[in-house]
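Here is the structure we will look at, set down as structure tokens.
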Amino acid sequence: MKHTIEKYIQKAKEENKQLWQLALEEEIENYGRSKEEIFEGLQRSLDVMKESSHKALEKGVVSVTGMTGGNAKTMNDYFLGEDTILGPTATRAMAMAFSTSEVNASMGKIVASPTAGSAGILPATLMTMYEKYNCSDDEMIKAILTSVAIGNVIADNATFAGAEGGCQAECGSAASMAAAAVCYLRGYDIKTQADAASIALINIMGLICDPIGGMVEFPCNLRNAFGVINALSSAEMAMAGVKVLVNFDEAVEAMKRVGDSLSENLRETGEGGVAICKSAMLLKKKYIDKE
């Protein structure tokens, strides 16, 4: 049976439960593990997220190819020393998203959430909430489970793969999952969580996947930094009560249709978009082809 947000909302209403509880019950049923075992596993994932989102903030981390690196430190230095336009919360969030993206490109340990290419978004969002509101690890784990439920809907009705659906399927999905997690952490109901997820997905609808040389570096790192802002702003809109005229199930269906319509060179092949700009081709020759 396919997951839908409508089914989750109905079940939550009937059983007087929250989204994270429904996701937890499914994990217990599907994998035969206890609540304690699942929470222990998610604690390990959360610990990796904490480390990856901070590792590159003070010391520059360079990718395996040498093509990218150091943006997390650059962004964090800016956060520490400037009167930023977006304010410290957003600037710090972007720095943390860059950090995990750079750890991934350097072959460090990350949590694919839901993919390696979008792995900076959920950790940076969670760490933003941790730093701003002093959320406990238990609350963060429940937020992760909230994001799992959102991810279940996407996985069953669309895709997480950039090669199949473009970057909307990677960074869009991650931002949707993260936006719902934020709303949970702020005490909002499932409807608000779903609205936030829908807004985040709509905001990035149609985004192609065009990495230079096929490597998960650029523009992936920029999109991770943007993705956390998408997640936070989408959550703010939903919590403020901004009307969402297309529900999350419909947004996921739309993403699937758009992804299916993208030409092959716009889906992770490195043969379209910014990947074939002159400067990108020169970088590919220098750092990837080693010419």
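The values are calculated or read from the model by the stated rules, or taken from the named source; none is laboratory data. Keep in mind that this is a model prediction, so the values were computed, not measured. Neighbour counts are summed over all protein chains in view; Cβ atoms, including those assigned to glycine, are modelled from backbone coordinates with ideal geometry. Quick note on the areas: whole protein, heavy atoms, side chains included, nothing else; ligands and nucleic acids left out. Shrake-Rupley method; radii C 1.70, N 1.55, O 1.52, S 1.80 Å.
For (1) open to solvent by less than 50 Å² (accessible area, probe 1.4 Å); (2) over 18 Å from A180 (Cα atoms), each residue gets a yes or a no:
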residue: E236; (1), (2): no, no
residue: D249; (1), (2): yes, no
residue: V274; (1), (2): no, yes
residue: K284; (1), (2): no, yes
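Filter segment 74-94 down to residues that are part of a loop (DSSP other than H, G, I, E, B) and open to solvent by less than 90 Å² (accessible area, probe 1.4 Å), then give me how many there are.
From segment 74-94, those part of a loop (DSSP other than H, G, I, E, B) are 82-87; that's our starting set.
Next, from what is left, pick out any that are open to solvent by less than 90 Å² (accessible area, probe 1.4 Å): 84, 87.
Residues that pass the stated criteria total 2.
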Among the residues of segment 135-157, is there at least one that is open to solvent by 10 Å² or more (accessible area, probe 1.4 Å), outside any helix (DSSP H, G or I) and either touching a Phe, Trp or Tyr at 6+ places or on another chain (Cβ under 6 Å) or within 29 Å of G214 (Cβ to Cβ) (or both)? no
Segment 158-172, subset surrounded by 24 or more Cβ atoms within 10 Å (Cβ to Cβ) and without any contact (Cβ under 8 Å) to a residue 60 or more places away in the chain, residue farthest from P123 (Cα to Cα): C167
Segment 3-32 residues that are open to solvent by 80 Å² or more (accessible area, probe 1.4 Å), paired with ones that are outside any helix (DSSP H, G or I) and not hydroxyl-bearing (S, T, Y) (beta carbon under 9 Å, 6 or more apart): E6/N247; K7/M1; K11/K17; Q18/D189
Report the residue count in segment 111-128 for those that are touching a residue at least 24 places away in the same chain (Cβ under 8 Å) and surrounded by fewer than 24 Cβ atoms within 10 Å (Cβ to Cβ). 3
Here are some residues: N203, N247. Which one is closer than 24 Å to L185 by Cβ, touching a residue at least 60 places away in the same chain (Cβ under 8 Å) and out of contact with any Asp or Glu (no Cβ under 7 Å at 6 or more places or on another chain)? N247
How about segment 187-209: which of its residues are small (G, A, S) and under 22 Å from G165 (Cα atoms)? A194, A196, A197, S198, A200, G206
Mind listing whichever residues of segment 201-234 are open to solvent by less than 30 Å² (accessible area, probe 1.4 Å), over 16 Å from V103 (Cβ atoms) and touching a Gly at 6+ places or on another chain (Cβ under 7 Å)? L201, I204, C209, D210, P211, I212, G213
